[in-house]
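Every number in this text was worked out from the coordinates using simple rules, so none of it is lab data. Everything numeric here is computed off the predicted structure, so don't read it as measured data. Note: ideal-geometry Cβ built from the backbone for every residue, glycine included; neighbour counts use all protein chains shown.
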Amino acid sequence: MAMLRPAGDFDRSYEQDMALLRRPWHYWLLGFSLLAAFTLPLWGDAYLVATANQIAYTIIAVQGLNILTGYTGQISLSQAAFMLVGGYASALLVIHAGLSFFIALPLAALGAGAIGLIFGLTSLRVKGFYLAFATLAAQFIIPWLSRHTFKEYLGGANGAIEVPLPQLGTVNFGEVSSYFYISLVVLLITTALLFNISRTRLGRAFVSIRDNDLAAELLGVNLFTYKLRAFFIAAMLAGLAGAIKAHSQRGVGTEFGYSLNESILYLGMLVIGGLGTNLGPFLGVAFIVLLEDLSDLLGGMLAAAFPELSGQLLTSFRPIFFGAALMLFLIYEPRGLAHRWQLLRAGWRLRPFAR
Amino acid sequence: MNWSLVPQQFVTGLLNGGTIGLIALGIVLIYKSSEVFNFAHGHLVMFGAFLTWWFTGGGAEPGTALIDLPLWAAVIAALMASMGIGLLIERFALRPMTGQPLLAIMLMTLGLAQLFEGMTAILFGVELKSDFPAPFSPSDVLVIPFPGAFGDAIRLKYTLVATFVVATVAASLFIWFFNSTKTGLAMRATAEDHEVARSVGIKVSRVFGLSWGIAGVIATLGGVLLATVSGVSLNLSTVALIAFPAILLGGLESLGGALLGGFAIGLVQALVQASRLIEVRNSSEIAPYLLLLVVLLIRPEGLFGQKRIERI
């Protein structure tokens, strides 16, 4: 989005023009949020840390989806399946190959990326909701394979295997408060890598494919390689998130979710946060995870009031709230929370002449 | 391949395919008139089945049910209700989205699906309802002698035959309605071009509403048919998802193609179960999706769909 700046405010050097952090308060905000995030286990209780951990690895998965759907415009309904691949890859490398978690993690990401490439191949033939069908097929086929093939490794019909805790030297990441730092550091790395993507050749090619793929091809963007790159990045980040999730839940498999509904949830988080923005995944994931907590709270209260209905009250508020929030956002704010935030900032800057 | 099982599975698959084809018709209808691909159709199917079950007095103690209708009346009541639901969806969810990009409209139907899943769970409970009134008992079996088949005969449950008859009759009626009545003509004109349809005096918004209403009716009918075979549960929405491969196989724009695609998917699902390998037998739930991938790679427009020509 074009930045609104007051008259007379110019960049005086190339470095200034390219800077990502432009104002003193950008540094202050970044410093404070990093400080708050890194000290969270010191002042937050276990529940808060676990929620923050969940938010952190979900953001990584949604960042991947943002590259594929937000920037490149390819609809994907299989992000959860790629997370499953990453989780299994990391778990199997740690259990059977005896690798350290910190080596298995990038390898799992690469493995998930490779699987993503296979299903990404269909994107060369089809687009729009035809592509959504291809990814839907992936979302059904991959979990099915995990339940019905290589049963001694993948857990077979149980749909779950146990995953050991990561260790680095003598440091044991057994507590969620220490594990949280792994998620946080990985999230910081992915964010740093993706932050500038819309200004690189790669990001611009992605956006041109989203806006009009035929025109992009005529301008010299190789659709074949760029679409596959988008699929690779998306599946790789999903694999990363899946590996982190598997180790923090100490188990991986279809018993732990990774279903179509989860893939839809990630798409919804992306849309509510804002497609094709850096801030979108953060805002969307935080919004939905907190909304889910709220619906659990409400469901729990109602279940306590009507114990005979507790079975249906406890589970049904999440889809209702999520579906309603998604529909309301699509109707009233299709550009998501990130756009709201931009409007707020612009209004503050133009005050008292806002609107 | 276990050849002695093939005749039995062939006929069973074909009979199941009727219901799949009927469900697929509802999606194609909405796509044809308003270019919306309805991912919530599976949930409409499930909701319709639950609604019918509720109208027959399901879930309550005998004699205390608020509404206790015989099956035929319950089906009619549920069809009316789902027509209303279809109209409401069109008015309040899809009409505000007119002119939005494809992804937004697709996500709108996905959001609807989530909403329906939660609403169904909260209204009717999450557990399997096995007390759906069946018109035939499971032991009513039609035996057709067929030398060479397993036990030298093909056994057909009356329930399955009845669902097939209902599904094909409903689908044919609907295709006749679409091709030969004045309302159907209006719907076809709207599918062709909104502005031209408007200029000859067709109310496009009313046609959209009507097609959603009819789609709701078709979904509920499909739900009732699925429920008589397998009971009512939240899984019905996933079962109904295999209508998607059927549509792609038949082509998005073709009603007859959707029906034929349904038969093909039913056949594929049943025939893999005739295999001797347990892995292949287990794959009947994903076989339609493998077929879908093959169709997408070889002929994305399906058997009877229109090939797209793109201009910048």
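Numbers below:
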item: Cα gyration tensor shape of chain A, rounded if a/c is under 1.5, else prolate or oblate by comparing a/b with b/c; result: rounded
item: Rounded, prolate or oblate (a/c below 1.5 giving rounded, otherwise prolate when a/b exceeds b/c) for region A:57-124 by Cα gyration tensor; result: prolate
item: Around residue A:11: net Lys/Arg minus Asp/Glu count, Cβ-Cβ under 13 Å; result: +1
item: Sequence-distant lysines (8 or more away, or on other chains) whose Cα lies within less than 29 Å of residue A:245; result: A:151, A:227
item: Span from the region A:303-317 Cα centroid across to the region A:160-205 one, whole angstrom; result: 36
item: Highest average packing first - B:224-234, A:209-219, A:122-132, Cβ atoms within 10 Å; result: B:224-234, A:122-132, A:209-219
item: Shielding by other protein chains, A:149-162, mean Cβ within 10 Å; result: 0
item: Relative contact order for region A:1-145, counting Cα pairs under 8 Å that sit 6 or more residues apart, in percent; result: 21
item: Region A:159-263, relative contact order [Cα under 8 Å, separation at least 6], %; result: 48
item: For A:129-139, mean number of other protein chain Cβ atoms within 10 Å; result: 6
item: Spatial separation of Cα centroids for region B:1-58 and region A:261-283, in angstrom; result: 31
item: Under-22-angstrom lysine pairs by C-alpha in region B:3-298, whenever the two are 8 or more apart or on separate chains; result: 4
item: Principal axis dimensions, largest first and in whole angstrom, of region B:3-298 by Cα; result: 63, 56, 34
item: Compactness of region B:116-235 as Cα Rg over 2.2 N^0.38 Å, two decimals; result: 1.50
item: Lys/Arg +1, Asp/Glu -1 at C-beta; chain A dipole; positive extreme among A:347, A:173, A:281; result: A:347
item: CD proxy at 222 nm, helix term only [per DSSP H run n ≥ 4: -39500 (n - 2.57); per residue of chain A; nearest 500]; result: -23500 deg cm²/dmol
item: Relative contact order (percent, whole number), region B:3-298, Cα cutoff 8 Å, 6+ residue spacing; result: 38
item: Signed unit charges on C-beta, dipole axis of chain A, positive-most listed residue A:246, A:49, A:130; result: A:130
item: Highest average packing first - A:89-96, A:267-274, A:152-159, Cβ atoms within 10 Å; result: A:267-274, A:89-96, A:152-159
item: Computed FRET value (nearest 0.05) for residue A:188 with residue B:307, which takes r as the C-beta separation and R₀ as 41 Å; result: 0.30
item: Inter-part distance where region A:88-154 and region B:159-236 are each reduced to a Cα centre, Å; result: 38
item: Packing rank of A:275-285, B:42-52, A:183-193, where each peptide gets the mean count of other beta carbons within 10 Å, highest leading; result: B:42-52, A:275-285, A:183-193
item: For residues of B:292-302, the mean tally of beta carbons on other chains within 10 Å; result: 4
item: Cα-based convex hull, region A:152-197, per residue volume (Å³, whole number); result: 137
item: 5 angstrom amide H check on residue B:153, placed H, neighbours 5+ away; result: B:146
item: Alpha-carbon radius of gyration plus Dmax, which is the widest Cα pair, for the protein assembly as shown in Å; result: 26.3, 92
